[in-house]
Amino acid sequence: MKKFTRIAIANRGEVAVRIIKACEEMGIETVLLHSEADINSRAFRMATKTICIGPAPTAESYLNIQANINGALAGGAQAIHPGFGFLSENADFAEAVGKAGLTFIGPSPEAIRALGDKVHCKELAKQAGLPLVPGYQGENQDVEHLIQQAEKIGYPVIVKAAAGGGGRGMKLLKSSTDARELIESAQREGQSAFGSPKVFLEKYLDRAKHIEFQVFGDSTGNVQHFFDRECSVQRRHQKIIEEATSPSLTDELRRRMGEAACAIATLGKYKGAGTVEFLLQDGEFYLLEVNTRLQVEHPVTEEVLGVDLVKMQILTAQGDYVHDAKQIRVPRGHSIECRIYAENPFLGGVPSTGLLGHVEWPEGPGRRYEYGFDANDTITPFYDPMIAKVIVWDESRPRAIQKMIRVLKDSVVFGVHTNIPYLIEILSHKEFVMGTMTTRFIETYFGESLKEPTLTDIEKTVAAGALLQLRGGANGASTTSSSPWASYWRGI
Ligand code: ADP
């Protein structure tokens, strides 16, 4: 068994803060491996030590394997936590970390290769007898052959980059007319964004829900699941709102999906936190993929089960976490997470960057905020526009929805636009309230930009005053709108 005294964090933003907090509580020091662009951030201020590993572009810093390892070694860390995104699912990175004499906080490189690669994962899933979406994942990547396969599957068909992720490298083929162009474009995107042109095809399920199971393999390799999350509210295949547990599962389905999730993770010799994603349509579930890392939406699972997945990850990497066989986990109440993006909901969600003004997250029972930036920090255009996560817990789903709407209305973010007004609309929508939404919910009901609210004279005066104050303290905030009350503010 090892005992870490210092952990390096190969990440940024709110997840870096999340890891630092877990380490602080465990008496472990932290080394933040950051880019030149991230010196104005909470993680930078909170870490025990900070080491700049390169300039802003991700390829030269957060995605640079050697720079991260050199930084961790120079900082005197014994282990690296990769967070999510960036190098977190990169088996070569996990292997290089081990070779450098450090511990990778996550599964083994072999497990990442077996489960993290979407095509390998499907092969393993077949062995485990898991239901897969009908499709083609063969070696023949000739476009003519792929078009023939798409026709065999039957349109609509989705083409995905085998190495893709985060909703990228994915195209919907509606008919044979544009199939060639879209397959070639997915191959190009796969090559440029993920280093491989390999694609595969799946039947497109047009009324599916996204349901996933949190799995966890302890130090002895015993895999258990920590129940489910529903993430059907997505825009362009990216999640916006997640909840635990899913309002859509019967006890029987939950049991069967949980068993399937544990079966594939066990077959992949999984250790640490991972997520098995499924699509659920007409009462049937199909494996989508396995994410071999901590998930952005892990807090909702933590809230309903009273666990700390990041600490469990660290303990497992130390060889020090074993599931308690006597403990029967039962989810309690309901938890919802909203991702706060720095973007303009009134202009189709274009990114909004600049200096943050006053920021306020209203305290109260059952409210949790995971954020990476404070007032006077800059939201730069270099990275993912997610700047915070708001998580609520309450005794029932309707109460959790009610709480989330109130919390979002009371949250204040000056300086950049956020998607908060958009989130409030979604949470109030009948279909979301009933829990019947599918992954096409957003495209069906929220395809258009939100209408900018009309302000009363009093509101205009207050907004103009606040803007003046903001300009005084935080000059140069850039926003894509010419409106003088460009920022979302309390009460709109
Ligand atoms: P990524 O790794 O980029 O997140 P996933 O394979 O996990 O990609 O899919 C992301 C989302 O794309 C899913 O949650 C779902 O909304 C949509 N999607 C993926 N495959 C299908 C499919 N076969 N049919 C319908 N929707 C799909």
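The single condition among (1) surrounded by fewer than 20 Cβ atoms within 10 Å (Cβ to Cβ); (2) farther than 30 Å from residue 318 by Cβ; (3) away from the ligand (no atom under 15 Å from the Cβ) that residue 172 does not meet is (3). Which residue is surrounded by the fewest Cβ atoms within 10 Å (Cβ to Cβ), if the candidates are limited to the stretch 227-240 and must be of a type in the set (S, T, N, Q) and at pLDDT 95 or above? So the residue we want is 234.
For the stretch 145-162, name all the residues that are part of a loop (DSSP other than H, G, I, E, B) and either under 14 Å from residue 134 (Cβ atoms) or of a type in the set (Asp, Glu) (or both).
Residues satisfying the conditions are 154, 155, 156.
Within the stretch 223-250, residues that are on the phi > 0 side of the Ramachandran plot reach partners that are more than 11 Å from the ligand (Cβ to nearest atom) with beta carbons closer than 6 Å, at six or more positions or on different chains, in the pairs 227/245; 227/331. Does the stretch 137-146 contain any residue that is open to solvent by 10 Å² or more (accessible area, probe 1.4 Å), within 24 Å of residue 282 (Cβ to Cβ) and modelled with pLDDT of 90 or more? Yes, because at least one residue in the stretch 137-146 is open to solvent by 10 Å² or more (accessible area, probe 1.4 Å), within 24 Å of residue 282 (Cβ to Cβ) and modelled with pLDDT of 90 or more. Evaluated against (1) modelled with pLDDT of 95 or more; (2) crowded, with 18+ Cβ neighbours inside 10 Å, residue 251 falls short on exactly one condition, (2).
Does residue 314 count as in a helix (DSSP H, G or I), buried (at least 20 other Cβ atoms within 10 Å of the Cβ) and at pLDDT 95 or above? Spell out the reasoning first.
Details: in a helix (DSSP H, G or I): yes; buried (at least 20 other Cβ atoms within 10 Å of the Cβ): yes; at pLDDT 95 or above: yes.
Against the criterion (in a helix (DSSP H, G or I), buried (at least 20 other Cβ atoms within 10 Å of the Cβ) and at pLDDT 95 or above), residue 314 qualifies.
All conditions in (1) under 28 Å from residue 298 (Cβ atoms); (2) near the ligand (Cβ under 10 Å from one of its atoms) hold for residue 156, with the sole exception of (1). When we screen 364, 319 for residues that are in a loop (DSSP other than H, G, I, E, B), modelled with pLDDT of 95 or more and touching a Ser or Thr at 6+ places or on another chain (Cβ under 7 Å), the only hit is 319.
Residue count for the stretch 270-298 under the criterion of being in a loop (DSSP other than H, G, I, E, B) and touching an Asp or Glu at 6+ places or on another chain (Cβ under 7 Å): the result is 3.
Screening the stretch 284-307 for residues that are more than 16 Å from the ligand (Cβ to nearest atom) and over 17 Å from the mean Cα position of the chain (by Cα) and picking the one that is farthest from residue 221 (Cα to Cα) gives 304. Can you confirm whether the stretch 229-247 contains a residue that is part of a helix (DSSP H, G or I) and more than 14 Å from the ligand (Cβ to nearest atom)? No; the residues of the stretch 229-247 include none that is part of a helix (DSSP H, G or I) and more than 14 Å from the ligand (Cβ to nearest atom). Looking across 128, 208, 161, 150, one residue alone is within 13 Å of the ligand (Cβ to nearest atom) and modelled with pLDDT under 95. It is 161.
If you go through the stretch 191-205 and pick out every residue that is buried (at least 17 other Cβ atoms within 10 Å of the Cβ) and more than 11 Å from the ligand (Cβ to nearest atom), you end up with 3.
Residue under question is residue 224, and the condition is that it be among the polar types (S, T, N, Q), open to solvent by 10 Å² or more (accessible area, probe 1.4 Å), farther than 19 Å from residue 91 by Cα and within 15 Å of the ligand (Cβ to nearest atom); does it hold?
Details: among the polar types (S, T, N, Q): yes; open to solvent by 10 Å² or more (accessible area, probe 1.4 Å): yes; farther than 19 Å from residue 91 by Cα: yes; within 15 Å of the ligand (Cβ to nearest atom): no.
Judged against the criteria, residue 224 is not a match.
Does any residue of the stretch 413-422 turn out to be free of Cβ contacts under 8 Å to residues at least 60 places away in the same chain and touching a strand residue (DSSP E or B) at 6+ places or on another chain (Cβ under 6 Å)? Scanning the stretch 413-422, I find no residue that is free of Cβ contacts under 8 Å to residues at least 60 places away in the same chain and touching a strand residue (DSSP E or B) at 6+ places or on another chain (Cβ under 6 Å), so the answer is no. Scanning the stretch 163-207 for residues that are among the acidic types (Asp, Glu), over 22 Å from the mean Cα position of the chain (by Cα), more than 16 Å from residue 133 (Cβ to Cβ) and not in a loop (DSSP other than H, G, I, E, B) yields 181, 184.
Residues checked against (1) free of Cβ contacts under 8 Å to residues at least 60 places away in the same chain; (2) open to solvent by 10 Å² or more (accessible area, probe 1.4 Å):
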| position | (1), (2) |
| --- | --- |
| 1 | no, yes |
| 31 | yes, no |
| 44 | yes, yes |
| 52 | yes, yes |
| 68 | no, no |
| 83 | no, no |
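Looking only at the stretch 261-283, residues that are of a type outside the set (A, V, I, L, M, F, W, C) and either within 11 Å of the ligand (Cβ to nearest atom) or without any contact (Cβ under 8 Å) to a residue 40 or more places away in the chain (or both) come to 4 in all.
The values are calculated or read from the model by the stated rules, or taken from the named source; none is laboratory data. Because the structure is a prediction, the values reported are computed rather than measured. Heads up, the Cβs are rebuilt from the backbone with ideal geometry, glycines too, and the neighbour counts pull from every protein chain shown. Heavy atoms of the whole protein, side chains included, go into the accessibility calculation; ligands, DNA and RNA do not. Shrake-Rupley method; radii C 1.70, N 1.55, O 1.52, S 1.80 Å.
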